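Asks: Could you have a look at this structure, given as structure tokens, before my questions?
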Amino acid sequence: MQLHDLKPNEGSKKSRKRVGRGMSSGHGKTAGRGTKGQGARTSGGVRLYHMGGNLPFYRKLPFLRGVGFTPHNRVRYAEVNLDSLQDFKDGSEITPEILKEAGLLKKGKMLPIKIMGRGEVKVALKVKAHKVTEGARQKIEQAGGSIETLELS
């Protein structure tokens, strides 16, 4: 098969409707626009979400900046997955400072650490983090490691 042999599947391409090409085409004279009125005029028609004089749906919704409700006291965490902890040696202690030195945290403000469960742990690690998911906790403890939960400051 070569490039000139390729063709689309049967029925996947449909030729566009050519309107205003004579009465015998079935789409002549008014070209499917009906007679008179706003929709029949050139550049006529209504904008998107027009509801004919009713209060538009998007104006009925409560006005909030951003999307949804954002609680003011929400804590953002720096997420670290288990697969990024594989390079550490057996018995090593993992703290937020060590993760920062290893380049596993984004630069800038130091956020509390949350250990996530993606990946596997083959060595026993002593993990000190602010939060640990249940799956990550099981994997670390199965490998012979321990977890210490730090207080949020």
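Asks: So for each of 73-82, 123-132, 51-60 I average, over its residues, the number of other beta carbons within 10 Å; can you give me the resulting order with the highest mean first?
Replies: Final packing ranking: 123-132, 73-82, 51-60.
Asks: So what is the relative contact order of the chain, in percent, for Cα pairs below 8 Å that sit 6 or more residues apart?
Replies: Here the relative contact order equals 15 percent.
Asks: Let me ask something else about it. Between region 13-85 and region 100-153, what is the C-alpha centre distance in whole Å?
Replies: So the two Cα centres are separated by 45 Å.
Asks: Related question: Taking 37 °C and 0.692 mPa s as the conditions, I'd like the Stokes-Einstein D for region 52-153 in µm²/s, using the Kirkwood hydrodynamic radius from alpha carbon pairs.
Replies: This corresponds to a translational diffusion coefficient of 207 µm²/s.
Asks: Quick check for you: with a 1.4 Å probe and neighbouring chains kept, what is the accessible area per residue of the chain, in Å²?
Replies: 83 Å²
Asks: So how exposed is HIS27, as accessible area in Å² (1.4 Å probe, rounded to 10)?
Replies: For HIS27, solvent-accessible area is about 60 Å².
Asks: Next question, about the same structure. Near ARG33, within a Cβ-to-Cβ distance under 13 Å, what is the net charge of the other residues, with Lys and Arg +1 and Asp and Glu -1?
Replies: +4
Asks: Which peptide among 145-153, 16-24, 107-115 comes first, and what is the full order, when sorted by highest mean count of other Cβ atoms within 10 Å?
Replies: Taking the mean over residues of other Cβ atoms within 10 Å, the ranking is 107-115, 145-153, 16-24.
The values are calculated or read from the model by the stated rules, or taken from the named source; none is laboratory data. What you see is a predicted model, and the numbers here were worked out from it, not measured in a lab. Cβ sites come from the backbone with ideal geometry, for glycine too, and all protein chains shown count toward neighbours. Side chains included, ligands, DNA and RNA excluded: accessible areas come from the protein's heavy atoms. Shrake-Rupley method; radii C 1.70, N 1.55, O 1.52, S 1.80 Å.
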